Amino acid sequence: MNAKRGCTTRRRLYFILPDTKMAENVEDELLLARIDEGHMHFLSTFESTLGRLPKASVLQKTDLAHAMAVGLVAGGLTGITLGLLLLFNPAWGAGLGNVSTFGMILGLSVGGAIFGCWVSGMIGISCPSVRLRAFKKRIEQGNILLMVDVHKERVEEITRLIKSHHPEADVKGVEATIPAFP
């Protein structure tokens with residue numbers, strides 16, 4: 001991103017915390033370190049155990065965003081392919097009359113992209129996020145997953161802060177790029 005405009009890249013840090021009390025303490029410390037609550041996302045098997053903690057959203061818990069992107073591309077390409085088949089096979093496209101070639105291909109590609117995005121989104125919202133697969137077992141055992149999005153310049157600082165105050169917190173890594181929406 002452009003540094004002149006004040007934009008910086010964020011990284012997502014993952015921590016496994018043993019219980020709600022520690023999660024609340026970590027949240028307080030992150031707030032004091034000037035990490036906005038909107039950049040903290042807690043995930044547990046039972047959301048009721050999270051209390052006042054900011055819960056992970058549907059976009060963070062499911063594969064919705066990834067599935068919709070795949071569906072958009074696949075549907076658009078399918079629409080273009082269908083349009084080209086109708087264009088180059090006169091028997092299939094005989095009933096189209098005076099429809100312009102460009103308009104037909106454009107319409108089919110846009111329609112295919114929208115349909116593909118919708119269908120894939122319906123599938124993706126029912127699938128757990130592939131990014132969180134590595135944490136599934138620990139979450140099911142009653143641990144809490146913390147995802148915190150920080151400026152890349154603060155990754156080491158925030159990791160040290162959490163580990164120094166909570167040595168039992170399990171650092172699970174850094175994601176190089178975070179999704180734009182969640």
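The values are calculated or read from the model by the stated rules, or taken from the named source; none is laboratory data. If you're wondering where the values come from, they're calculated on a predicted model, not measured in any experiment. Methodologically, a virtual Cβ is constructed for each residue, glycine included, from the backbone with ideal geometry; neighbour enumeration extends over all protein chains shown.
From the list L82, L87, L77, pick out the single residue that is assigned to a helix (DSSP H, G or I), assigned by TED's automatic domain parsing to the domain that holds G116, surrounded by fewer than 20 Cβ atoms within 10 Å (Cβ to Cβ) and modelled with pLDDT under 85.
Details: L82 fails: modelled with pLDDT under 85; L77 fails: modelled with pLDDT under 85.
Selected residue: L87, the only one of L82, L87, L77 that is assigned to a helix (DSSP H, G or I), assigned by TED's automatic domain parsing to the domain that holds G116, surrounded by fewer than 20 Cβ atoms within 10 Å (Cβ to Cβ) and modelled with pLDDT under 85.
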Within segment 152-173, tally of residues that are surrounded by 15 or more Cβ atoms within 10 Å (Cβ to Cβ) and of a type outside the set (D, E, K, R): 7
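Just wondering, is there one or more residues in segment 123-133 that are in a loop (DSSP other than H, G, I, E, B), among the β-branched types (V, I, T) and at negative phi? Write out each step before concluding.
So the first thing to find is which residues in segment 123-133 are in a loop (DSSP other than H, G, I, E, B), and the list is 125-127, 129.
If we keep only those that are among the β-branched types (V, I, T) as well, we get 125.
Cutting the leftovers down to at negative phi gives us 125.
Yes, the conditions are met somewhere in segment 123-133.
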Residue count for segment 1-19, restricted to those that are at pLDDT below 85 and farther than 13 Å from V148 by Cα: 9
G51 being touching a Cys at 6+ places or on another chain (Cβ under 6 Å) and either surrounded by fewer than 20 Cβ atoms within 10 Å (Cβ to Cβ) or not hydroxyl-bearing (S, T, Y) (or both): no
Every residue from segment 13-55 that is part of a helix (DSSP H, G or I), touching a residue at least 40 places away in the same chain (Cβ under 8 Å), more than 17 Å from E168 (Cα to Cα) and polar (S, T, N, Q): T49
The one condition in (1) buried (at least 19 other Cβ atoms within 10 Å of the Cβ); (2) more than 30 Å from L106 (Cα to Cα); (3) modelled with pLDDT under 90 that D63 fails to fulfil: (2)
Checklist (1) modelled with pLDDT under 85; (2) within 18 Å of the chain's Cα centre (by Cα); (3) assigned to a helix (DSSP H, G or I); (4) surrounded by fewer than 18 Cβ atoms within 10 Å (Cβ to Cβ) applied to P179, failing item: (3)
